Amino acid sequence: MAYSEKVIDHYENPRNVGAMDKDAKEVGTGMVGAPACGDVMKLQIKVGDDGVIEDAKFKTYGCGSAIASSSLLTEWVKGKSLDEVQAIKNTDIAEELELPPVKVHCSVLAEDAIKAAIADYQSKQQQ
Amino acid sequence: MTKVKTPIYMDYSATTPADPRVADKMCQYLTPDGIFGNPASSSHSFGWAADDAVKKARSQVADLVNADPREIVWTSGATESDNLAIKGAAHFNVRKGKHIVTMKTEHKAVLDSCRQLEREGYEVTYLDPMDNGLLDIDVFKAALRDDTTLVSIMHVNNEIGVIQDIAAIGEICRDRKITFHVDAAQSAGKVPIDLSTLKVDLMSFSAHKIYGPKGIGALYVRRKPRTRIEAQMHGGGHERGMRSGTLATHQIVGMGEAFEIAKNEMATENDRLLMLRNRLYDGLKDMEEVYVNGDLEQRVAGNLNISFNFVEGESLMMSLKDIAVSSGSACTSASLEPSYVLRALGRNDELAHSSLRFTIGRFTTVEEVDYAIEQTRAAVEKLRELSPLWDMYKEGIDLDSVQWAAH
Ligand SMILES: Cc1ncc(COP(=O)(O)O)c(C=O)c1O
């Protein structure tokens with residue numbers, strides 16, 4: 001299958017690969033997918049006192065489109081407020097990366113991952 | 001970095017290039033000054049010359065497997081041979097019974113022919129292999145019934161390269177007077193086959209897996225004891241009524257040439273391929289969490305199917321963009337189901353998703369193997385750096401104990 005240039009770019013030069021301390025209060029972690037399905041995404045955000053995402057990191061096990069979707073999303077969320085990030089849709093990712101229909105699930109997974117990371121962060125704040 | 005011409009082809013089980021000697025030969029059977037006649041035209045020299053060429057090719061194919069040329073039926077490839085053998089034998093023997101035994105790791109051409117027969121009211125038993133991909137003979141014996149009329153077991157598996165013991169299976173079938181079909185698309189020319197001693201009744205061949213052209217194959221149909229099949233293609237009564245259609249002289253000549261070359265060169269070629277395969281495996285096996293899929297001993301020389309745990313196969317192939325390999329991961333399919341062959345071995349889905357199949361062949365060089373090792377190691381390392389599963393493994397977390405949010 002032919003990949004779009006954007007997917008290849010993110011795949012070859014993934015942005016924001018890494019991990020943050022998942023126990024830190026200002027860090028939210030979302031891990032979605034399952035190894036048996038062939039993709040697992042872990043997305044982490046570090047949120048400042050002003051509610052703006054200061055940093056984002058990811059690690060992904062999956063196909064090139066899954067890696068590119070998570071890489072792109074970490075770029076997008078940095079510097080945005082949680083509300084702004086909540087508004088990002090999987091279709092935005094799929095469109096930007098020109099994902100073919102069979103790969104759209106990768107963008108869905110990325111959206112799930114950021115939502116899970118935000119939920120994790122918010123639950124920590126309530127404690 | 002090693003100097004090699006890229007892209008490198010390491011997908012010889014999917015198809016092989018035609019040997020230049022084969023292609024040269026084929027070109028002589030097409031044009032006005034070539035031998036282009038219809039082999040069935042018995043009234044003039046154009047037809048006679050073509051018929052002679054077909055006869056010679058029939059002998060060349062028969063010789064590789066120690067059969068009689070009259071036992072060879074030309075088809076369009078192993079898919080058609082499998083269909084003809086399975087449906088043909090099942091239909092012919094329908095009054096004796098409607099039960100068929102095969103394996104879960106067979107090629108789709110066999111499995112889907114069996115599925116079609118199930119729709120027609122036949123019953124099919126699909127046997128699981130052992131963890132090494134081989135058939136457990138006791139399990140096989142236990143599956144046979146009084147109404148079993150056909151057994152279809154492949155010789156060499158296309159994904160994992162394991163070699164089934166068709167000699168032992170054949171003895172059991174012959175004792176019980178059950179027709180035995182073998183898909184030998186991946187074994188002809190790679191593993192010695194002697195049909196004068198093997199108790200095989202029907203055997204499928206393909207030319208394009210062994211340096212012949214695509215679109216041509218053959219079905220061996222035993223004469224003694226006589227094996228009967230019902231034709232699937234009706235028409236001019238070619239191939240003793242078993243498969244009608246004008247014979248494709250140039251394709252047939254190409255297949256004959258390819259099979260003759262294979263007979264002459266198989267022994268030396270296998271030594272060389274085994275050396276290369278071992279070199280490839282030696283270059284990868286010291287990495288952590290690497291698993292070979294399928295038995296390493298009972299295996300064709302040119303196949304290495306290997307899983308790199310915690311790395312997904314499709315992304316691995318993307319990293320290996322200069323090397324043509326295939327993966328057991330099927331991230332593109334709607335079901336996201338990995339290779340049914342690897343699953344049948346009892347491999348968990350992760351390892352199935354993490355697999356790569358390297359198949360090397362006649363034109364593979366040492367330099368290419370070394371390049372593949374270098375590239376594969378780098379790609380696996382890079383992707384493990386990216387893999388959350390690798391981190392978890394390194395932290396000592398048992399991935400099976402994790403509650404995954406399956407999607
Ligand atoms: C084991 C096996 N059987 C059958 C086939 C089908 O052969 P063909 O392409 O000649 O129809 C193949 C090749 O894909 C194969 O590997």
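Each residue of the protein assembly as shown gets 173 Å³ once the volume of the Cα convex hull is shared out per residue. Run the Debye formula on the Cα coordinates of segment B:338-407, all scatterers equal and no solvent, and tell me log10 I(q)/I(0) at q = 0.25, 0.27 1/Å. Each listed q maps to, in turn, -1.19, -1.21. Would you mind classifying segment B:81-226 by shape? Square roots of the alpha carbon gyration tensor eigenvalues, ordered a ≥ b ≥ c; an a/c under 1.5 is rounded, otherwise it is prolate if a/b is larger than b/c and oblate if not. Judged from the Cα gyration tensor, segment B:81-226 comes out rounded (a/c under 1.5).
Per residue, the accessible area of chain B comes to 41 Å², computed with a 1.4 Å probe over protein heavy atoms only. Evaluated with a Cβ-only charge set (Lys, Arg +1; Asp, Glu -1), segment B:31-92 carries a dipole of roughly 100 debye about its Cα centre, given to the nearest 20.
Cross-link reach is defined here as a Cα-Cα straight distance under 20 Å, omitting same-chain residues fewer than 8 places apart; for B:LYS394 the lysines meeting it are A:LYS22, A:LYS42, A:LYS57, A:LYS59, B:LYS285, B:LYS382.
Using alpha carbons only, how many degrees (0 to 90, rounded to 10) separate the axis of helix B:366-386 from the longest principal axis of chain B? Here the helix axis deviates by roughly 50 degrees. Of the trypsin sites (Lys or Arg not before Pro) found in segment B:286-378, not one falls in a DSSP loop while having at most 13 other beta-carbon atoms within 10 Å.
From the square roots a ≥ b ≥ c of the eigenvalues of the alpha-carbon gyration tensor of chain B, which class results: rounded (a/c under 1.5), prolate (a/b over b/c), or oblate? Taking the square roots of the gyration eigenvalues as a ≥ b ≥ c, chain B is oblate. Structure remark: mean-square fluctuation, Gaussian network model of chain A, C-alpha springs under 10 Å; the largest value among A:SER71, A:SER81, A:SER107 belongs to A:SER81. Take the solvent-accessible surface of the protein heavy atoms, probe 1.4 Å, and return the percent of it on the protein assembly as shown that carbon and sulfur atoms account for. C and S atoms contribute 50 percent here.
Computed from Cα positions, the angle between helix B:249-284 and the longest principal axis of chain B comes to roughly 20 degrees.
On a 0 to 90° scale, report how tilted helix A:104-126 is relative to the longest principal axis of chain A, with both axes built from alpha carbons and the result rounded to the nearest 10. So the inclination is approximately 10 degrees.
Taking both sides together, the accessible area buried where A meets B is about 2500 Å² for a 1.4 Å probe. In segment B:282-318, burial by the other protein chains removes 30 Å² or more of 1.4 Å probe accessible surface, compared with the chain on its own, from B:GLU312, B:GLU314, B:SER315, B:MET318.
Which is farthest toward the positive dipole end of chain B among B:SER81, B:MET318, B:ALA168, measuring Cα position about the Cα centre, with Cβ charges +1 (Lys, Arg) and -1 (Asp, Glu)? Ranked along the dipole, the leading option is B:SER81. By its C-alpha gyration tensor, with a ≥ b ≥ c as the square roots of the eigenvalues, how is segment B:234-375 shaped: rounded for a/c under 1.5, else prolate for a/b larger than b/c, else oblate? Oblate is the answer for segment B:234-375, as a/c is 1.5 or above yet b/c matches or exceeds a/b.
The values are calculated or read from the model by the stated rules, or taken from the named source; none is laboratory data. Remember, predicted model here, so these are calculated numbers, not experimental data. Heads up, the Cβs are rebuilt from the backbone with ideal geometry, glycines too, and the neighbour counts pull from every protein chain shown. We work out accessible area using only protein heavy atoms, side chains counted, and drop any ligands, DNA or RNA first. Shrake-Rupley method; radii C 1.70, N 1.55, O 1.52, S 1.80 Å.
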